[in-house]
1. Using a 1.4 angstrom probe with every protein chain in place, what is the largest-first accessible-area order of A:LEU126, A:LEU131?
2. Please work out how much accessible surface B:ILE62 shows to a 1.4 Å probe, ignoring ligands, DNA and RNA, in Å² rounded to 10.
3. A drop of at least 40 square angstrom in accessible area, chain alone versus all protein chains together, probe 1.4 Å. Which residues of region B:53-81 meet that?
4. Checking the a/c ratio against 1.5 first, then a/b against b/c, what shape does the Cα gyration tensor give for region A:66-208?
5. Roughly speaking, what is the centre-to-centre gap between region B:35-57 and region A:226-249 when only Cα atoms are used, to the nearest Å?
6. What is the set of long-range amide H partners of A:ALA121 at a cut-off below 5 Å, with H atoms built 1.01 Å from backbone N?
7. Between A:ALA198, A:ALA55, A:ALA174, where does the largest GNM mean-square fluctuation fall for chain A, given springs only between Cα atoms within less than 10 Å?
8. Using DSSP to call loops (not H, G, I, E or B), can you name the trypsin sites (Lys or Arg not before Pro) in region A:20-90 whose Cβ has at most 14 other Cβ atoms within 10 angstrom?
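The values are calculated or read from the model by the stated rules, or taken from the named source; none is laboratory data. It should be emphasised that the depicted structure is a prediction, and the values quoted were computed from it without experimental measurement. We place every Cβ from the backbone using ideal geometry, glycine too, and count neighbours over all the protein chains shown. For the accessible areas, the whole protein counts, side chains as well, though only heavy atoms, and no ligand, DNA or RNA atoms are used. Shrake-Rupley method; radii C 1.70, N 1.55, O 1.52, S 1.80 Å.
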Amino acid sequence: MKPAPFRYHRPRSLADTLQLLVTLENAKLIAGGQSLGPMMNMRLVQPAELIDLNALAGLDLIAEKDDFLEIGALARHHAVESSTLVKKHCPLLAEAAGTIGHYAIRSRGTLGGSLAHADPAAQLPLVAATLGAEIVVNGKRGERRIAAKDFFVSMMTTALEADEIVVSARFPKAAAGDRHAYLQFSRRTGDFAIVAVAAVLHSRKLRLGIGGAEDKPLVFEDFSAHEDPQAIARKVREAVQPTESPRVPALYREELVEVLVKRAVARCLTSI
Amino acid sequence: MLDFDLTVNGRRYPVRAEPRKLLSDVLREDCRLTGTHVGCEHGVCGACTVLVDGKPSRACLIYAVQMQDHEITTIEAVAKDGKLTPLQQALHEVHGLQCGFCTAGIVITFEAYLRENPRPTEEQVREVLAGNLCRCTGYHNIVKAILRVANERRDAQA
C-alpha cells in the first residue's frame, strides 16, 4: 500500500502550474488527495510526476457574485458545507458537501478535485449538474467556462484538456422560496452512494439530478410540482439505464432511483 | 531523496525521504512518533488521523514532503505534561477502548471536532465516529465517553 516513486513539484503560481502541466510527461495534479491518494497507494495510478496544487494562493475563496457563488477549486468540502454564504445561497450544495466521506476526508478533499475526478456517484458533480453550475478552467489557451452538463463526459472523464486545470466553479444562487432535497443511499456512512438524488423546486418546476445510476450525473428538468411524486418517480426510473454490476444489479439501482426520487420530491413539496 | 523540515507538535524535524513516503510512515520511522497508527493505508480506517494546521487529516493520504510550512499535531501532543485531556480521561473511565489501536485516531478526530462543535448530539457523534473503525468496542462506550465530555461542558456552562 505504498505508492510507486514519483517526482514532486509544488508550483507557487497558476502560470507555473500550467507550464509544468504542458512540460512534464505522465503528470498528475494533486489537491486534497482523498481520491488520488488511495489510488496511488493501491498503485492503480502511477504518475511519474506529481504536481501539488496546495501552495497556490487564493484558489480556496468562496465569493458572492450577482447571481452566483464562485467557489475556488481548493475550497475544502468542510469549508463549503460550513460556509454561511453557501448555506444561504446554495443550500443544496452545503447539504450534499456535508455527506462526502467522513469528517477528516472533508477537511482535506477539495471542490475542484471532486469535480475533476468526476466519480459518477460523487456528490459535487451531481450538485453541479443539477444546479447548472459552470466549471471555470484555465489552460495554455487561457480561461474558459464549461457548463456542468458538458463538463462531465463519462466515468471519471471530463471535458478538461490535458493542459487545463479547474480553477473554480460558479453555482447559481437559489431564489427566495426555492426548495431542495439531497438523498443518497449507501451501505455504510461515508461510502459512495449507490444512487444519489438531488432535487430543486423553483417556481413550481422541479429539477432532478441522479448520481450513481449511469456513468455521469443525469439531469431531468421541468417536472411540474403539481404532478404526483410517485408518477415523477416512475418516469425518472424509466428514463435511467443503470449499469449492470455483479455487486449491484441494475434492477436494484432502478428501484433506488424510484424510491429516492419520490422521497426527494415529497421533501421539496413539504419542507419549509 | 529530498531533504526538508517538518514541524510536528511544535518541534522541527529534519527529514530525508523520498517524495512518495507517506506522512504516517515519516512520523513513525523518521520522527519516531509511533503513537500514530497505520491501519488500512487508503483513508478508510482513520487510525492514522493527525491534525494538519488544526484540521483532522489522514496521514496515509498525505506525502510528508507536502507538509513543509504546515503544523502537524499527533497524539503525543494531546495530553499536556502527562495529564490526560477530558476526552482521554473519559475514554479511560467508561471503557472506551480495548486494544487501543484505533484510539489515537479517535482522540485526534474528536479533540478537533469538539472544538468546532462542543455540544454535539449523539447522532452527530456517531456520524463523525463513522470515520474511525474500531474492531473491539462496538462503539457504544466510545460514544458514551464523547457525550460525557460534551455534557460536562454543558453543565459547566449552565
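1. Details: A:LEU126 0, A:LEU131 25 Å².
So the residues, ranked largest to smallest area, are A:LEU131, A:LEU126.
2. 0
3. B:PRO56, B:ARG58, B:LEU61, B:TYR63, B:GLN66
4. Details: a/c = 1.45, a/b = 1.17, b/c = 1.24.
Since a/c stays below 1.5, the shape of region A:66-208 is classed as rounded.
5. 38
6. Under 5 Å from the amide H of A:ALA121: A:GLY212.
7. For chain A, modelled as a Gaussian network with Cα springs under 10 Å, the answer is A:ALA55.
8. For trypsin sites (Lys or Arg not before Pro) across region A:20-90 that sit outside H, G, I, E and B with at most 14 neighbouring Cβ atoms in 10 Å, the list reads A:ARG43, A:LYS65.
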